[in-house]
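Reading through the structure tokens given below for one structure.
The values are calculated or read from the model by the stated rules, or taken from the named source; none is laboratory data. Not measured: the values here are computed from a predicted model. Here the Cβ positions follow ideal geometry from the backbone for every residue, glycine too, while neighbour counts run over all protein chains shown.
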Amino acid sequence: MYKRQLILEDGTIFTGEAFGSTQESIGEVVFNTGMTGYQEILSDPSYCGQIVTMTYPLIGNYGINREDFETINPSIRGFVVKEACQEPSNFRSEESLDNFLKAKSIPAISNIDTRKLTKIIRKHGTMKGILTEAYKEYSHKKYDRRLKDTPLMEDQVSRVSTVKPYVVPGRGKRIVLVDLGMKYGILRELTKRNCHVTVVPYHYSTEEILRLKPDGIILTNGPGDPKHVPEAIKMIAEVINQIPIFGICLGHQLLALACGADTKKMIFGHRGSNHPVKDLTTGKTHITSQNHGYAVTVDSLEKTELILTQIALNDGTVEGITHKKYPAFSVQYHPESSPGPEDTSYLFDDFLTKIDSYKSTVKESIVCQNVQI
């Protein structure tokens, strides 16, 4: 084991122990407050281009198993922990965290003050960082220049979305899943409900989607700035009056933009499995799993036909919206959890119910038109 450094673009240097891959890596440094679920976090496509800091001090103690992945090929840029467990103990464990990171070419650092790092991010916001071998003579100019000259990614969605459409067969409702960086947890919830799912790329056109004759469309989670996905925004605006829509995380932001609302980058985002959200329609509060660095602005909803339905209790940001006229709604958090509480998995049932209601309304409209004729 050798020394490794995490160098932030503000000049802060953390020196610790290297584990995982030996390669050097640059990414946006963020933090996650979850106590467990590191395997799902590492394999969540929404972390594309980011170096993730775990605020819980001991990571890796239950190893890595074959069941908890959210994608096959992780796109995370690096991993930062206080203490990395070298000898995991769990009946499902198949390999250590270190071995997994090596196999997936993900560099990591341990034995640094993750509390200090988290406080820096909370105060100054997320920033670029580099994971590199610790040299005796550190050249500020060399790494300052590299961090300055390396822009943050703007094409994350295209990197993690499926290249070709594919089908997950079922006998139930026909759902088109627009893959913006989909977690497998969403597919699991739909297959539980026997849905016939067609997963399509992020840039699938309105015409191509309508040819599939779906009963409903789900816009998945994904990484980055929603304004960098204009193809999806255009498609949503064109189909919202024809097909029920359910947006999750990035899909929530894209639905808002398609309806005329606005989004902004947050200082440090919401990343963790313990975020309280209040449902304004029922008055109930749910604990949710979240991973996003952008949010829909509350003020921008006033000029749209969107209704605010849920808010984050920690900071009052928008967590849920629904359309006044069309069968479209969305949430900022992850109802499929993975990792995290399953308080809000009922939203998948609500969406299927909304599809049934929409079909009934359309049939009644057709009957009424025929009677008038």
### Message
Criterion first (within 21 Å of Thr150 (Cβ to Cβ), touching a strand residue (DSSP E or B) at 6+ places or on another chain (Cβ under 9 Å) and surrounded by fewer than 19 Cβ atoms within 10 Å (Cβ to Cβ)) does Ile13 satisfy it?
### Response
yes
### Query
In this structure, does Thr162 turn out to be in the same structural domain as Gln50 (by TED's automatic domain parsing) and either assigned to a loop (DSSP other than H, G, I, E, B) or farther than 22 Å from Asn65 by Cα (or both)?
no
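Can you say whether Asp98 is in a helix (DSSP H, G or I) and more than 26 Å from Pro151 (Cα to Cα), as far as the supplied structure shows?
yes
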### Query
Among (1) among the small types (Gly, Ala, Ser); (2) touching a residue at least 40 places away in the same chain (Cβ under 8 Å); (3) at positive phi, where does Gly16 come up short?
(3)
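Working only within region 1-41, note down all residues that are of a type outside the set (Val, Ile, Thr) and part of a loop (DSSP other than H, G, I, E, B).
Met1, Tyr2, Glu9, Asp10, Gly11, Ser21, Gln23, Glu24, Gly34, Met35, Gly37
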### Task
Collect the residues in region 244-299 that are under 15 Å from the mean Cα position of the chain (by Cα), loosely packed, with under 15 Cβ neighbours inside 10 Å and of a type in the set (Val, Ile, Thr), keeping them in residue-number order.
none
### Query
For Thr288, all conditions in the list (1) farther than 28 Å from Val362 by Cβ; (2) part of a helix (DSSP H, G or I); (3) not basic (Lys, Arg) hold save one; what is the number of the exception?
(2)
### Query
In this structure, does Ile76 turn out to be buried (at least 17 other Cβ atoms within 10 Å of the Cβ), at negative phi and not in a loop (DSSP other than H, G, I, E, B)?
no
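So, Ser330, is that one at positive phi and in contact with a Gly (Cβ under 8 Å, 6 or more places away or on another chain) or not? So that I can check it myself, show each step before the final result.
Values: at positive phi: no; in contact with a Gly (Cβ under 8 Å, 6 or more places away or on another chain): yes.
No; evaluated as a whole, the condition is false for this residue.
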### Task
Among residues belonging to region 111-135 that are under 22 Å from the mean Cα position of the chain (by Cα) and assigned to a loop (DSSP other than H, G, I, E, B), point out the one that is surrounded by the fewest Cβ atoms within 10 Å (Cβ to Cβ).
Gly125
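Do we have any residue at all in region 264-271 that's without any contact (Cβ under 8 Å) to a residue 40 or more places away in the chain and not in a strand (DSSP E or B)?
Checking region 264-271: not a single residue is without any contact (Cβ under 8 Å) to a residue 40 or more places away in the chain and not in a strand (DSSP E or B).
Rundown of residues vs (1) surrounded by 22 or more Cβ atoms within 10 Å (Cβ to Cβ); (2) touching a Lys or Arg at 6+ places or on another chain (Cβ under 6 Å), yes/no style:
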| residue | (1), (2) |
| --- | --- |
| Leu180 | yes, no |
| Thr191 | no, no |
| Asn194 | no, yes |
| Pro201 | no, no |
| Ser205 | no, no |
| Leu219 | yes, no |
| Gly222 | yes, no |
| His228 | no, no |
| Ala232 | yes, no |
